[in-house]
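The values are calculated or read from the model by the stated rules, or taken from the named source; none is laboratory data. This structure is a prediction, so every number in the text was calculated from the model and none was measured. For neighbour counting, all protein chains shown are included, and Cβ atoms are generated from backbone atoms with ideal geometry for every residue, glycine included. Heavy atoms of the whole protein, side chains included, go into the accessibility calculation; ligands, DNA and RNA do not. Shrake-Rupley method; radii C 1.70, N 1.55, O 1.52, S 1.80 Å.
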Amino acid sequence: MSAADRLGRAGEGDGFANTLNVLRRRWLIILGIVIACLLVSVVRHERAPKSYAATASVAFKSATLPDAALQVSSTGSGEPVRDAATEVLIGHSSEVAEGVRKQLNVTTSPGKLLEEVSVEAAPNADVLHFTATSGDPQFSARLANAFAAQYIAFKTAAQVASVEEAVGRLQRQISGLPAGSAARVSLEQSQQRLTGLLAVAGGGANTISRATPPSSPTGTKLSTSVIIGILIGLAVAFSVVFLLESLDRRVKTIEEFEREYRMPVLTAVPQASFGPIRADQRDSLLEPYRIVRSALDFAAVARPVDTLLVTSAVSGEGKTTVAVDLAHVEALADRRVVLIEMDLRRPTFAQHFGFSAREGLTTALARGGSVSDMLLQPLPTLPNLLVLPAGRLPPNPSEMLGAPAIAEIVAELAREDSMVIIDAPPLNPVADAHVLLSNPAVQAVIMVARIDKTTREEIRRASATLTRHTVDPVGLIVTGLRNGGRYGYEAYDPQPQHDAYGELLSRPTEGTHSPRQAR
């Protein structure tokens, strides 16, 4: 198989997977629209006026009584289709409807009666079907039978009138011929035959099937209405869902983040890990970060990753929580970790650790001197986790973070083989993180992205910013995962799990040194 074929099949698989992802995310909308359309269809079916159809059938002949009496060929057109159409027009005529109105003794106009009745000719027989439709099954049957009867009566009256006219013509011809002549005798015999037929005149039509009251209404059945409602609901739901998807530029899956950022996802953090939970109460939520710690150990084989900057494309993606929990996990591995708060616009370490510090990074930058005295130990049970808060918010954060003293502070804190984790501002809104990416003290970057928060445009802007700097990202941490079971993140146990992640991602035991400390 060629590379092009493999790529084509991979594209088809991705398209199908994306469609399933859309349906999985929007299933509530689809279900709601389908149920709404189904209810509308059922309600319309139940509220629609019921109509009942009854049919009476009449056989007709094209030959007339004078033709039969005089033993001449039929006066029909010789075209069965045309003769049948003529009979249909007769059966659906105002004269027949007037006779029906009188027979049924109703006040309805002939035009209204004609609206309730249809007349059709059988395709391969000289038969007319009179179908009456109304809201009363009994009246429908009576109306169909009445039209059939009045059609026969109209045909009979027409033929009787034709016979009487023929008799009159013969009488006039006979009176002008001498008595006893052969012509007179022949005409008198024809007159006698016509006169005899008047007693049995029937118009050449007779009823072969009388209409009976129908037991069920006509039109769409309830099951058909249900099916139509479901089909319409699915069509509307899919249209709405894919319209929403085309308008919604937010990234919804881990696979999309990997494609857009063009970097691997190190781990995914469930949405349940976020919230008003302080750092000392998050031990049971740290399992995803142990995967990141193992990934950093492997990355450290090729390059230094001891000074790590954590950022995101925009605010609200959980970068500070990721930085705090990652520092927590690194400290549990018995390594000295210094967590620096360099988000000088919206610092949140105070909420995460529950301290109130007036001094911090900005104090050290403004006054100079060592920052060791400003380090805090927020978790008494974890003395090797140290925190340098932001301090007082400056009026010029970008200029302050671009000062040469930042590299000196990071270098001082990274002594004794310590790991330094920097909580940086997001990339897109401000220039603060751009300045930090240019700092030679930063060795690696971890990007944080939140599902259903970051848009594709925001990712592209952040990726463009990363490509302009020499610091290579280690990978991506995806937050806000709701469907954890799909990716295997549905539950976390703070205790070590046997073969929890396989050989590649097996995590170091707490209390032992990380492989990066042995270098």
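Take the residues in segment 87-103 that are charged (D, E, K, R) and touching a residue at least 40 places away in the same chain (Cβ under 8 Å); name whichever of them is most open to solvent (accessible area, probe 1.4 Å). Even if it seems obvious, please write down each step before you answer.
Here is the first cut: in segment 87-103, the ones charged (D, E, K, R) are 87, 95, 98, 101-102.
Now drop any that are not touching a residue at least 40 places away in the same chain (Cβ under 8 Å), which leaves 87, 95.
On the way: E87: 16, E95: 113 Å².
Top of the filtered list is E95.
From the list S215, S162, S175, which one is touching a helix residue (DSSP H, G or I) at 6+ places or on another chain (Cβ under 8 Å), loosely packed, with under 13 Cβ neighbours inside 10 Å and either among the hydroxyl-bearing types (S, T, Y) or at pLDDT below 75 (or both)?
It is S215.
Here are the criteria: (1) without any contact (Cβ under 8 Å) to a residue 40 or more places away in the chain; (2) under 14 Å from A54 (Cα atoms); (3) out of contact with any Phe, Trp or Tyr (no Cβ under 7 Å at 6 or more places or on another chain). Tell me which single one N145 does not satisfy.
Failing condition for N145: (1).
Any idea which of (1) over 30 Å from T55 (Cα atoms); (2) assigned to a loop (DSSP other than H, G, I, E, B) is the one Q191 doesn't satisfy?
Tallying (1) over 30 Å from T55 (Cα atoms); (2) assigned to a loop (DSSP other than H, G, I, E, B), Q191 fails exactly one: (2).
Taking the residues in segment 403-433 that are in a loop (DSSP other than H, G, I, E, B) and among the charged types (D, E, K, R) as candidates, determine which candidate is surrounded by the most Cβ atoms within 10 Å (Cβ to Cβ).
D417
Suppose we keep only residues that are of a type in the set (V, I, T), under 23 Å from D343 (Cα atoms) and within 41 Å of the chain's Cα centre (by Cα) within segment 275-311. Which one would you say is surrounded by the fewest Cβ atoms within 10 Å (Cβ to Cβ)? Walk me through how you get there before you give the answer.
First pass over segment 275-311, keeping only residues of a type in the set (V, I, T): 277, 291-292, 301, 305, 307, 310-311.
Adding the requirement that they be under 23 Å from D343 (Cα atoms) leaves 277, 292, 305, 307, 310-311.
Among the residues that remain, those that are also within 41 Å of the chain's Cα centre (by Cα) are: 277, 292, 310-311.
Numbers: I277: 14, V292: 24, V310: 27, T311: 29.
Here the residue is I277.
Here are some conditions: (1) open to solvent by 60 Å² or more (accessible area, probe 1.4 Å); (2) within 30 Å of R482 (Cβ to Cβ). F257 meets all but one. Which one does it not meet?
(1)
Is one or more of the residues making up segment 194-207 at pLDDT 80 or above, out of contact with any Gly (no Cβ under 8 Å at 6 or more places or on another chain) and open to solvent by 30 Å² or more (accessible area, probe 1.4 Å)?
yes
Provide a single number: the residues in segment 442-474 that are out of contact with any Phe, Trp or Tyr (no Cβ under 9 Å at 6 or more places or on another chain), open to solvent by less than 20 Å² (accessible area, probe 1.4 Å) and of a type in the set (G, A, S).
1
Is it true that some residue in segment 316-323 is modelled with pLDDT under 95 and surrounded by fewer than 18 Cβ atoms within 10 Å (Cβ to Cβ)?
Scanning segment 316-323 turns up at least one residue that is modelled with pLDDT under 95 and surrounded by fewer than 18 Cβ atoms within 10 Å (Cβ to Cβ).
Given the options A157, A146, A153, name the one that is surrounded by 20 or more Cβ atoms within 10 Å (Cβ to Cβ) and farther than 30 Å from R184 by Cβ. Lay out the reasoning, then the answer.
Details: A157 fails: surrounded by 20 or more Cβ atoms within 10 Å (Cβ to Cβ); A153 fails: surrounded by 20 or more Cβ atoms within 10 Å (Cβ to Cβ).
None of the other options fit; the residue is A146.
Return the pairs, sorted by first residue and then second, in which the second residue is open to solvent by 10 Å² or more (accessible area, probe 1.4 Å) and part of a strand (DSSP E or B), the first residue lies in segment 323-350 and is over 14 Å from I291 (Cα atoms) and of a type outside the set (G, A, S), the beta carbons are less than 6 Å apart, and the residues are 6+ apart or on different chains.
As it stands, the answer is V338/L386, since those pairs meet every condition given.
Can you tell which of L436, L382, L339, L386 is at pLDDT 90 or above and assigned to a helix (DSSP H, G or I)?
Matching residue, one of L436, L382, L339, L386: L436.
Could you tell me whether S73 is in contact with a helix residue (DSSP H, G or I) (Cβ under 8 Å, 6 or more places away or on another chain), at pLDDT 90 or above and open to solvent by 60 Å² or more (accessible area, probe 1.4 Å)?
Details: in contact with a helix residue (DSSP H, G or I) (Cβ under 8 Å, 6 or more places away or on another chain): yes; at pLDDT 90 or above: no; open to solvent by 60 Å² or more (accessible area, probe 1.4 Å): yes.
Spelling it out, it is not the case that S73 is in contact with a helix residue (DSSP H, G or I) (Cβ under 8 Å, 6 or more places away or on another chain), at pLDDT 90 or above and open to solvent by 60 Å² or more (accessible area, probe 1.4 Å).
Which condition breaks for L266 when tested against (1) open to solvent by 20 Å² or more (accessible area, probe 1.4 Å); (2) at pLDDT below 90; (3) among the aliphatic types (A, V, I, L, M)?
Of (1) open to solvent by 20 Å² or more (accessible area, probe 1.4 Å); (2) at pLDDT below 90; (3) among the aliphatic types (A, V, I, L, M), only one is false for L266: (2).
Return the residues of segment 348-362 that are surrounded by fewer than 21 Cβ atoms within 10 Å (Cβ to Cβ) and under 16 Å from G316 (Cα atoms); say none if nothing qualifies.
T348, Q351 - these are the residues of segment 348-362 that are surrounded by fewer than 21 Cβ atoms within 10 Å (Cβ to Cβ) and under 16 Å from G316 (Cα atoms).
Taking segment 104-143 only, how many residues are open to solvent by 70 Å² or more (accessible area, probe 1.4 Å), closer than 19 Å to S209 by Cα and at pLDDT 90 or above?
The number of residues fulfilling the criteria is 3.
Starting from residues that are touching a residue at least 40 places away in the same chain (Cβ under 8 Å) and part of a loop (DSSP other than H, G, I, E, B), keep the ones in segment 392-402 and report whichever is least open to solvent (accessible area, probe 1.4 Å). Reasoning before the result, please.
Residues of segment 392-402 that are touching a residue at least 40 places away in the same chain (Cβ under 8 Å), as a first pass: 393-394, 397, 400-401.
Now restrict to residues that are part of a loop (DSSP other than H, G, I, E, B): 393-394.
On the way: L393: 98, P394: 21 Å².
Result: P394.
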